[in-house]
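Encoded as structure tokens, the structure appears first; notes follow it.
Every number in this text was worked out from the coordinates using simple rules, so none of it is lab data. A quick note: this is a predicted structure, and the numbers were derived from the prediction, not measured. Don't worry about glycine lacking a Cβ; one is built from the backbone with ideal geometry, like all the others, and counts go over all protein chains shown.
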Amino acid sequence: MSTRSCISGKRTNEASRLSKSDLVCLEERIVQLISSNGGEQFHLEIAKVLGMPKSTVNSTFNDLQQRGVIQK
């Protein structure tokens with residue numbers, strides 16, 4: 001993960017409201033959490049750890065999946 005400052009507990013209804021840099025950072029954090037947990041992590045747990053709404057995590061997760069970065 002990069003050393004730049006990332007969003008932390010920023011509340012939003014959808015990932016589409018995040019800036020491009022915040023979205024990239026969120027994606028990096030999600031991938032890192034999944035990797036650090038043996039490749040599996042529930043969306044709700046990711047949302048809790050990141051302090052983000054589950055809808056934002058789900059939307060970002062779906063984008064990552066469509067791009068082939070992660071698998072469900």
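Restricting the first member to the stretch 43-72 and to residues that are touching a residue at least 24 places away in the same chain (Cβ under 8 Å) and of a type outside the set (Phe, Trp, Tyr), and the second to residues that are exposed (fewer than 14 other Cβ atoms within 10 Å of the Cβ) and not in a helix (DSSP H, G or I), the beta-carbon pairs closer than 7 Å and six or more apart or on different chains are 51/8; 51/9; 53/11; 53/13; 55/13; 55/14; 56/14; 59/14.
Within the stretch 29-41, residues that are closer than 13 Å to residue 71 by Cβ have Cβ atoms under 6 Å from residues that are outside any helix (DSSP H, G or I) in these pairs: 34/41, counting only partners at least 6 apart in sequence or on another chain.
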